[in-house]
Amino acid sequence: WAVCSQLVREATRRDACVVFLPEAFDFIGSCTEETLSLAEPLEGDYLQRYVSLARECGVWLSLGGFHERGKDWESTRRIYNCHLLVDATGCVAAAYRKVHLFDVELEGRVSLKESAFTNPGSEMVPPVPSPAGKVGLAICYGLRFPG
């Protein structure tokens, strides 16, 4: 939070109208269990700091990948990888939950299974008009899947 809020304030001083923060701007967990324990709902305190920051600075925020505990958290124990666009009044203008999860297994070398702890979103979000032009929401691997 300290680094991101400082960067947002600096960008605002330089007349930015939209500030883009990367995937996992909120945190990078050291393991799946830590990631799940630190995830919050959209109404949680952590995201509300960014909503307040957008309002305070009068700037739009593209929050590239928020670890979201959705309304189904109690039943699934899985999170969403959520890209949020917050307008300068602090309203969430759009939310995209990553549709295409990244799973790869290279025998004896690496096994990454985002689907083991992340629910896929159900739909793409159309581009959103912003002060910087239309903004499309996507997350990492999902860029490989047009439309």
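Any read-out appearing in this document is the output of simple, stated calculations on the displayed coordinates, not a laboratory observation. On a predicted model such as this, the values are computed, not experimentally measured, just so you know. Note that each Cβ is placed from the backbone with ideal geometry, even for glycine, and that neighbours are counted across all protein chains shown.
Taken as Cα centroids, region 85-137 and region 60-74 sit 9 Å apart, rounded to the nearest whole angstrom. Computed from phi, the 3J(HN,Hα) profile of region 139-145 under the Karplus parametrisation 6.51, -1.76, 1.60 (θ = phi - 60°) reads 9, 6, 4, x, 4, 7, 10 Hz, with x in place of Gly and Pro.
Checking every one of the GluC sites (Glu not before Pro) in region 51-127 against DSSP loop status and a limit of 13 other Cβ atoms within 10 Å picks out Glu107, Glu123. Between Ile28 and Phe102, the modelled label-to-label distance comes to 1.1 nm, taking each label 7 Å out from Cα in the direction of the beta carbon. Estimated from helices alone, the mean residue ellipticity of the chain at 222 nm is -7000 deg cm²/dmol (sum of -39500 (n - 2.57) over DSSP H runs with n ≥ 4, per residue). Between the Cα long axis of helix 45-57 and the first principal axis of the chain there is an angle of about 30°, rounded to the nearest 10.
Quote the convex hull volume per residue of region 1-141, based on C-alpha atoms, as a whole number of Å³. Don't jump to the answer; show the numbers that get you there.
Values: hull volume 17.0 nm³, N = 141.
So the per-residue Cα hull volume is 120 Å³.
Computed about its Cα centre, the charge dipole of the chain is approximately 380 debye, with only Lys, Arg, Asp and Glu carrying charge at their Cβ.
Projecting the Cα positions of Leu106, Pro41, Ala95 onto the charge dipole of the chain (unit charges on Cβ atoms of Lys, Arg, Asp and Glu, taken about the Cα centre) puts Ala95 furthest along the positive direction.
The angle between the Cα long axis of helix 2-13 and the main principal axis of the chain comes to about 40°, on a 0 to 90 degree scale.
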